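Values quoted throughout were computed directly from the atomic coordinates according to the rules given, and no laboratory measurement underlies them. The structure displayed is predicted, hence computed values, not measured ones. Positions of Cβ are generated from backbone atoms using ideal geometry, with glycine treated the same way; all protein chains shown enter the neighbour counts.
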Amino acid sequence: MINHKKNAATLGLLWQDGWYLAASKRASPFFNARPQGDVSLGQVNLSEVSLLVIHHISLPAGEFSGHFVDDLFMGALDCKAHPSFAELNGLEVSAHFFIRRDGELIQYVSCDDRAWHAGVSCFDGRDNCNDFAIGIELEGTGETAYTAAQYRQLIKLTNDITVAYPKITVDRICGHSDIAPGRKHDPGASFDWIGYRQGLQASR
């Protein structure tokens, strides 16, 4: 849940029930509640958001600015529209955020809820990263350079996420490849981790 110990007025300008007010809202049907742990029994509070995962996506692969990623996250993808979509038939997947090449930001799932982006995954000894992570998809391939507009939007979004969810520290921001090595490679070699982290530091 959102960190209400921070300045309530500031958070109120940024967030409402886990929805980031600077993003366009598209409510995906593909989400569920984050699991709860019994803290009184010494169990981890599984619902506490403490990880940020960066991905990439393009549909069809290498083609940008279309509607197919949105269709996928909304459960409306016509799998006959392109030969490569056949393998996506019946797939139920979502991310919290999607950043297009021009920097447009769309949110599909409240950050207080569990989006379905990480799959089989592990971070710092904990499996099932969807339980405690926020997922951001960048429109890209991992081979083509991401745009300046995407980095600007990602840096601003990341900083605002860490205000609301302070368990997400710099060392708990990673790529999909870090939590699913060998299975995933995003955000790929073209992602400028150094520039991204420098941008985060400079904008705080």
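What to note about this one:
- Footprinting exposure proxy ranking of TYR20, TYR108, fewest other C-beta atoms within 10 angstrom first, gives TYR20, TYR108.
- Cleavage-rule hits (GluC sites (Glu not before Pro)) in the range 105-204: DSSP loop, at most 14 neighbouring Cβ within 10 angstrom: GLU143
- For the range 113-170: rounded, prolate or oblate by the Cα gyration tensor [a/c cutoff 1.5]: oblate
- Spatially close lysines, pair count over the chain: Cα under 20 Å, gap of eight or more or interchain: 5
- C-alpha long axis of helix 193-202 to longest principal axis of the chain, angle in °: 40 degrees
- For LEU59, the residues whose modelled amide H falls within less than 5 Å of its own, excluding neighbours fewer than 5 places apart on the same chain, are VAL69.
- Distance-filtered residues of the range 102-142 - backbone nitrogen under 12 Å, label point 7 angstrom along TRP19 Cα→Cβ: 107-111
- VAL120 paired with THR144, simple spin-label distance in nm, labels 7 Å along Cα-to-beta-carbon: 3.0 nm
- Between helix 148-164 and the chain: long-axis angle, C-alpha atoms, 0 to 90°, nearest 10: 30 degrees
- Our summary gives the range 8-202 a relative contact order of 27 percent, counting only alpha carbon pairs under 8 angstrom and 6 or more residues apart.
- If you plug the beta carbon distance of HIS67 and THR10 into 1/(1 + (r/R0)^6) with R0 = 41 Å, you get a FRET efficiency near 0.75.
- In terms of surrounding Cβ atoms within a 10 Å radius of their Cβ, LEU200, LEU59 rank from fewest to most as LEU200, LEU59.
- Full extension of the chain segment joining SER203 with LYS167 gains 11.1 nm, where the gain is 0.36 nm per residue of separation less the Cα-Cα distance.
- A simple count of charges around ASP186, restricted to other residues whose Cβ falls under 12 Å of its Cβ and scoring Lys, Arg +1 and Asp, Glu -1, yields -2.
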